[in-house]
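Since the structure comes first, as structure tokens, the remarks are kept for the end.
Throughout, read-outs are computed from the coordinates displayed, never taken from laboratory work. All values derive from a computational prediction rather than experimental measurement. Using ideal geometry, Cβ is built from the backbone for each residue, glycine included, and neighbour counts are taken over all protein chains shown.
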Amino acid sequence: MADPRRALVLFSGGQDSTACLAWALARFAHVETIGFDYGQRHVVELECRREVRERLAERFPQWSAKLGEDHLLDLSLLGQISDTALTSERAIEMNASGLPNTFVPARNLLFFTFAATIAYRRGSNVLVGGMCETDFSGYPDCRDNTLKALQVALSLGLDSAMTVETPLMLLTKAQTWALADDLGGEALTDLIVEHTHTCYLGDRSQRHAWGYGCGVCPACDLRRKGYEEWRAGLVSS
Ligand code: ZN
């Protein structure tokens, strides 16, 4: 029995948010997506969004009828309030607080808040995001308690229940592959390999078993390790 609610998925075109989109499509009656353009170095990420949505609709007819509009917000103002590896050509390194300098302070709180305003207008009362406590990047705005607190703040501020769902919160990268496999089998894991993008450097010139990427940045490293662990049968979801 499908959940009759409508959901809005924070969707970047990466592996994690694609798994979340499939998770939402398998569960909710109607699913829309939202993306944020904030002057990322890599237009490739935004191209992957379109490609992934189209392929999902094509390969999963049971989901295509539920997949609704895509919303793309211009958040170029984030470029004005941050200077990080995501928005400039600076190399990725750890800063003094032990966080990668790809960190845009509290950006997930901003993303969810913008998403909530759209969801409210669109009659959705579930927000879905691919944040995860186990990917070791240490972003405090990805933590379960941060997002539970935000759920309360949004529900009060909108005077309407807004549920924040983070299906990957406690999963390892290997378990995220296993989750995709459970949801859509090889058709979905192949789609993730072929069409999603995770590499910090925006490299799509090299195709590995786990997908495209430079192979050496922290995002590629996590994706590769998770894939290999999943393929080796070391996890089940
Ligand atoms: Zn990479």
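Here's the picture: charge each Lys and Arg Cβ at +1 and each Asp and Glu Cβ at -1 in the chain, and of 113, 153, 44 the one pushed furthest to the positive end of that dipole is 153. Rounded to the nearest 20, the Cβ-based charge dipole of the chain about its Cα centre (Lys and Arg +1, Asp and Glu -1) stands at 240 debye. Got a sec? Which residues in segment 12-30 would a label at residue 51 touch, if it sits 7 Å along Cα→Cβ and we count backbone N under 16 Å? So the set is 12-19. For residue 164, the residues whose modelled amide H falls within less than 5 Å of its own, excluding neighbours fewer than 5 places apart on the same chain, are 127. For the pair residue 29 and residue 73, a Förster radius of 25 Å applied to the C-beta separation gives a FRET efficiency near 0.55, rounded to the nearest 0.05. Cross-link reach is defined here as a Cα-Cα straight distance under 26 Å, omitting same-chain residues fewer than 8 places apart; for residue 148 the lysines meeting it are 173.
Arranged from fewest to most other beta-carbon atoms within 10 Å of their beta carbon, 205, 124, 76 become 205, 76, 124.
For residue 7, the residues 5 or more places off, or on other chains, whose built amide H falls under 5 Å of its own are 30, 31, 32. Within the same chain, aspartates and glutamates fewer than 8 places from residue 225 are excluded, and of the rest, those with a Cα less than 16 Å from its Cα are 16, 135.
Computed extension gain for residue 158 through residue 216, at 0.36 nm per residue and net of the alpha carbon distance, reaches 16.6 nm. If R0 equals 25 Å, the separation of the Cβ atoms of residue 234 and residue 206 corresponds to a calculated FRET efficiency of about 0.50. Of 142, 20, the sequence from fewest to most neighbouring Cβ atoms within 10 angstrom is 142, 20.
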